[in-house]
């Protein structure tokens, strides 16, 4: 049995089963087909995805979908647009502090992959080709209890991109302080790319 020493910290990652189910808002980006520049966005009631129903709860949701995907229920939860090489799309996510105390929330993108038919977001800011095409206008938020903040996401596919599917996740993450036993709890929710 591992007993943390005072100089050691054990990070416990709490990734609810949202990663394996449709409830996780995650983004799938394609480097082919066309989503016209400046394509219209439809603002809809997009569900909130949250993790850890405790004092460290955080939620995330898309605030709009492209008009041409408004009838696709997946577009309510994920960024599933097809983006032509040399083109870009922008989306907005809303991150919510669902707990009682103020929270420092880290916002970042990470690689993802399909494993045994399930979409799996990689831990931390794991890079891949898609993540190098994504920029967020905020990498951290300080949220008061029950507060919300919007983060702009831009996916710019290079002109020389090869056709194919790429997977990633936009993560919103909160961490607890180090406990007496040297454990840090990490709660994260995401939007599929």
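Using only Cα atoms, locate the centre of the range 150-193 and the centre of the range 121-140, then give the distance between them in Å, rounded to an integer. Cα centres, the range 150-193 to the range 121-140: 6 Å. Each Cα pair under 8 Å and six or more residues apart adds its separation to the average, and for the range 89-157 the resulting relative contact order is 49 percent. Packing, taken as the mean count of other beta carbons within 10 Å per residue, orders the peptides 92-101, 120-129 from highest to lowest as 92-101, 120-129.
Packing here is the average count of other Cβ atoms within 10 Å per residue, and on that basis the peptides 174-180, 104-110, highest first, run 104-110, 174-180.
Since every read-out is calculated from the coordinates, none of them should be taken as a lab result. In this text, all values refer to a predicted model and were calculated from it rather than measured experimentally. Neighbour counts are summed over all protein chains in view; Cβ atoms, including those assigned to glycine, are modelled from backbone coordinates with ideal geometry.
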